[in-house]
Structure formats: C-alpha cells, structure tokens
1. Which ones in the range 57-84 are hydrophobic (A, V, I, L, M, F, W, C), touching a residue at least 40 places away in the same chain (Cβ under 8 Å) and either loosely packed, with under 14 Cβ neighbours inside 10 Å or over 23 Å from Pro166 (Cβ atoms) (or both)?
2. Kindly provide the set of residues from the range 450-477 that are modelled with pLDDT under 85 and under 24 Å from His329 (Cβ atoms), ordered by number.
3. Restricting to the range 1-50, give me the number of residues that are β-branched (Val, Ile, Thr), more than 17 Å from Lys75 (Cβ to Cβ) and either at pLDDT 75 or above or exposed (fewer than 15 other Cβ atoms within 10 Å of the Cβ) (or both).
4. Return the residue satisfying two criteria in turn: it lies in the range 233-272 and is in a loop (DSSP other than H, G, I, E, B), at pLDDT below 90 and among the polar types (S, T, N, Q), and of such residues it is surrounded by the fewest Cβ atoms within 10 Å (Cβ to Cβ).
Amino acid sequence: MDSPPEDIFTSLPSELLAQIFKHATITSSTLITYSAVSRHWRSTALTPDLWASINVPFSCRNPAALIQASLERSKSCLFDITLALPDPAHMPVVTSVMLLVVEHVHRLRRLAISATSFSSTPEEVFGLLQNAQRAPQLVDLELSFMDRNPHLSMGIPQGKLLMQAPLLSSLRLHGVTSPVPFVGLRSLDIQGLRTTYADFRDMVTASPLLTVLTLPQLRLMFDLQSTALSPIDIPSLKTLALSFCKPHPSNELFPCHDLVSLLSVPNLEYLEIGGANAPDLAKSFQDNGFTKLRTLRLSNASITDRPFEAENFEFLRSLTMVEELELIHSHAEYLLPTVEKQKERLKVGGRRPRTRSINSRDLHSGLSYYVRPVPLAASRKSPPELSSSTPIYPNLRSISLDTFIAGETLWLYHIVLERPQLQLVKLSPMAERHMTTSLGIMDGVLQTKPHSHLQKLGDPEIASVNVGKLLRERVTVQEIDNDGFISV
C-alpha cells in the first residue's frame, strides 16, 4: 500500500515557509497558532524577524503578555509597534505596555499610537515620547487621536520634548494642535496645524532635508496680516499635499496670513490638493513657478459659488509642465475639457429636468451632469476662455481617474483619442466598471447609457460597447495603486 503523499507545507524549506508567513496577515496570536501545527512550523514561526512587527489590540485577553512575547522572540531585531489605545483606557494595562516598549526602546524602529480620545492617556503618551529620544534606531513616529483636544499642545510640558532621535525621518501628527519639536525630518504630516510664523519657520529650518510635507485641514496662522513676513524657503521639498479646514477660515474680523502663500518650494515635483475648501490658489502660489512640477493630484475638488473657484481651476490649468494628472472624484471635464467642449459655449439659463439616470446622465438633453448640484451662481459662469494656441497640459503622459460618474469615463476615452502622446491610464474599480458596462453607441455616437429602470418601452436602444477594451488598444491601462497623502 502506497504511503500518503507528503503535505506540501511540511516539505517546504524553512526560508520559503517564513516568507509565506511574512507576506500573510500575521499577528502575535496567529504566530502562536502556527507554532502549534508541527515542529517544522514551530521552528519557522520562531524566526525572530516575524515577531518584529507588533500590532496587539488592547481588546485581547492579555495584551501585555503578547507584546512581551513578541519583544522577547524578536531578539535583537529592530521592531515596529502599533498601539491602539482603548477608550476608556484601562490605565494599569496601558502603563505596563508602555514600560515594555521603553525597556526595549534601543531597538524601536517605528512607533504608531492611536486613540479615540487623547485626554484619557496624556501622561503615558508623553512619558513614552520622552523615552523615545533614547531610541537610536527610531525612523517613523505616528500619533493619531480622533478626538482632538484644542487646548492640548504637544509642546507641553516645556523643555521636555525636544526630540533628538538621530535617525527619525518621518513624523505624523493627527489630532494634535502643534508639532513635536523634532529635528532632521524628511517627511512631516500634521493635521489641523495651528501655528505661528516663527514656530513653523524654526521647524522647517531644523529639517533641511524635508522632502514630503502633508498638511490636511490646514488653518490660518496666528500672525496678523499687518505684520510683514518673509517667505519660508524649503528648497529640499519634493512633495506637498494640502487640504483645508471646513468651513474655510474667514479672516474678516481677525486678518491672518495664509501659510501656503509664505512657502517657497522651487523644486516641487508633486502637488496634491484635497477637498472643496481651497483658498485662492493663484494668490497662494503666486511666487512659485513650479517649473519642476510633474504630478498634480486633485481629490474631491468641486465647483462652488465662491468667486475665485473658477480662477483656481484656471490656475491649475496653467501648470503646463504637468506630466501626470490624478483626478479623484473631481470635476475632470471642467479642469481638462475635450476639444469639442472647448469650442462649445456653456448654455445659460433654463431649468434642468429632474429625471436623471443613476450614472448622472440627463435623459432629455443627452448631457452628463454631476450628482452634487452646482450652485446657481456657479452654473451661470462660463469656464475661463481657453486659447487654442496654448493647449492644456501639453506634456501630459498619464491620467488616473477615480469616479462614480459614467460620463467622466466617456470624457477620458475622448481625451485619449485626442492626445496620442498619452501612454498610461490608471482606473479605479468603479471607473473600470463604467468603461465596461455603462457606455454604448446610438446613431453612431458613443454616450452613457441610462439605467434600465428609467428606460421606457419604445425608447431607442443603445448598443453596449466595452470601451475598456478599446482603451487598451491605445494606451496601457492599470489599476490605481496610489491612495495619495490626503484622506478627504
């Protein structure tokens, strides 16, 4: 009688099995489970670097014991740890975990602390940060608190948080009102930053190699506009990502400086703007030529009734050096109209019919509208006149599109037809679906299809067309693999 075939997983070399474990979603609990399968699996599961990524939820039975086991079994490896603090916090458990991290702080490489409320555990967090300056291998620090306390500054207590971690290069602060005074950063991400000119200038000066600056929900500075301020030069900066607080801060009663208008970033290569609350961009970036800008990303940019909104889009169109355009739920057709749309005059007046398809196509006029209603003041304003002698984004080589609107995928296909220099298109799953199922041909015209439940008996039939397949015959098509720096 033949012996049963050997299990493939028991015959795998330890090195290969360890790689499988590493690329799977592993935690300390799953590694303990793996180690109980067999001797071979146990010896592999005890590989030190598998225990170097620690993410233990405080909701488990004994988080301190699991973290201690991970720290011991990682041996001399550098380790990363993510601490999601409970709410309400069980202070003895939180304190024991913090003490364990401090005990092995000389091996700490990445520290991420998150909580729903910062006020419940400030002492422990501050105590851990004070010890973090003894972390010679610390590279990445992240503090994220969902319930932002407007009265709490990470600069308190004074003189106790001047961090000198020699290798620290990335700092992310969300839900914290002011930056921890670290030096030598390469990446800085501060949500809801409220600062003075002097503090921000000193922070940037302390990080001469800063290459990535992310400022979500940016606010006005504390300095009055009556004060003359010099530009803040950041020649090393390559990536700038911004979104603005909602509603956009008014400075009528308390005239303040816009931080963006004070930045000088001559070597910027990537610009991301998120949300619908952007200030007057032309005024903010008036002193930046952006001669090296290559990638422009817009996330949830919209048309509003603010007077400078059209000027913002015109400013973005003026960035002629852009080679990669990423449009994430933004007004693609407005920013980059097709040649046909540039020649058409925007129809003014008249009431829009109420009947629309699920893909926002108006069944009566054949035009595509956005689901979000455009205010009347904006709907009556024509886009700025575009000169045919100066094409928009003449160096464009790549477009990324994420949209729920079928009409924007139709726009994208027309743009590809008009611009043979385009080489790459990246689509979200929803945009890919529209390309495949939401477009069709009627009377020789490619258009969006109405939803089936809105069609009436006797309506002309629109023949389905797989535009995604046609698109792939002209350009390389990939799935969007970049989430950007701003979550809007």
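1. In the first step, residues of the range 57-84 are kept if they are hydrophobic (A, V, I, L, M, F, W, C); the result is 58, 60, 64-67, 69, 71, 77-79, 81, 83-84.
Going one step further and asking which of them are touching a residue at least 40 places away in the same chain (Cβ under 8 Å), we end up with 69, 78.
Passing the criteria: only Ala69.
2. Scanning the range 450-477 gives Pro450, His451, Leu454.
3. 7
4. Among those residues, the one meeting the criterion is Ser250.
The values are calculated or read from the model by the stated rules, or taken from the named source; none is laboratory data. Please read all numbers here as calculations on a predicted model, not as lab measurements. Quick reminder, even Gly has a Cβ in these numbers, built from the backbone with ideal geometry, and neighbours come from all protein chains shown.
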